[in-house]
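The structure appears below as structure tokens.
Computed from the coordinates by the stated procedures, all read-outs in this text should not be read as laboratory data. Worth saying up front: this structure is predicted, and the values here are computed from it rather than measured. Positions of Cβ are generated from backbone atoms using ideal geometry, with glycine treated the same way; all protein chains shown enter the neighbour counts.
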Amino acid sequence: MKKFVRIYRQVELRAMERGFINAVEPVKKDIDATLASVPDVACKKSCAHCCKLRVEVLPPEAALIVDHVRRSFPPSVRQGILDKLKANAPPELLLDAHQYRAEERSCAFLGDDDLCMVYDQRPISCRAFGSTNVNVCNLSEPDDGQTTCSAAPDSYLMLVGTSGLFWTGLHGACLAYWMGLPIETVVDEDVAKSVFEVRQELDQAARERREVTLKRT
């Protein structure tokens, strides 16, 4: 399977920051509305099982998180986060999702109180994740295949399909940005193709909705 590397340099990430914030706000609202409509969501405050999953982010999300940490926390807390980023970034690359979860590695941004320290800036992948069975989340029951509910809306797929952004590991991306290095994403050719196909499908659906609206007016 062919792969290619997309490099996002610091100056590029800073230039796209405001546009990304504006583009992602309606996506967040769509996600919140979708999750609110799902019955029996088990997620509650201080339930941090999903904070031990390997998380994929878009590069601007990592930049916004690091900038938030630098502005909001004292040096001692920032150092603790940096140490955890350094510890989590290598296994994030080497382990698959199941192996990473089995290691019980807490997210670098999870506080001692089991609350997200960057909750307002948490990635879309975290915001869109939900569960209906906490026992599956804490690995005390086998996954029944129906526990996880993803609320990633069409607006998010459209954002990814039109932005030229691709996902990468949360810890590695944040560590690179923190150290002044570019963020690299390694993209499978079939993933890039799938994103393009989704964009085409959504564009077609939007055209059809516009045509219907015009016919009614």
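Observations on the model:
- Ranked Tyr119, Tyr177, criterion: other C-beta atoms within 10 Å, fewest first: Tyr119, Tyr177
- GNM result for the chain, Cα springs below 10 Å: residue of Thr132, Thr185, Thr168 fluctuating most strongly: Thr132
- Taking Cα atoms only, the orientation of helix 189-216 departs from the longest principal axis of the chain by about 40 degrees.
- Packing-based ranking, highest mean first, of 70-76, 60-66 given that Cβ atoms within 10 Å are counted: 60-66, 70-76
- From the alpha carbon centroid of region 60-119 to that of region 21-39 is 23 Å.
- For the chain: lysine pairs under 28 Å (alpha-carbon distance), excluding those fewer than 8 apart on one chain: 19
- Theoretical ellipticity at 222 nm over the chain - DSSP helices of four or more residues, -39500 (n - 2.57) apiece, nearest 500: -18000 deg cm²/dmol
- Under a 5 Å amide H cut-off, with hydrogens placed 1.01 Å from N, Cys149 pairs with Gly130, Ser131, Thr132 among residues at least 5 apart or on other chains.
- Cα-based shape type of region 1-151, given that a ≥ b ≥ c are square roots of the gyration tensor eigenvalues and the cut on a/c is 1.5: rounded
- Principal-axis tilt of helix 154-163 within the chain, Cα atoms, nearest 10 degrees: 80 degrees
- Nearest 10 degrees, 0 to 90: helix 75-94 Cα axis against the chain principal axis: 70 degrees
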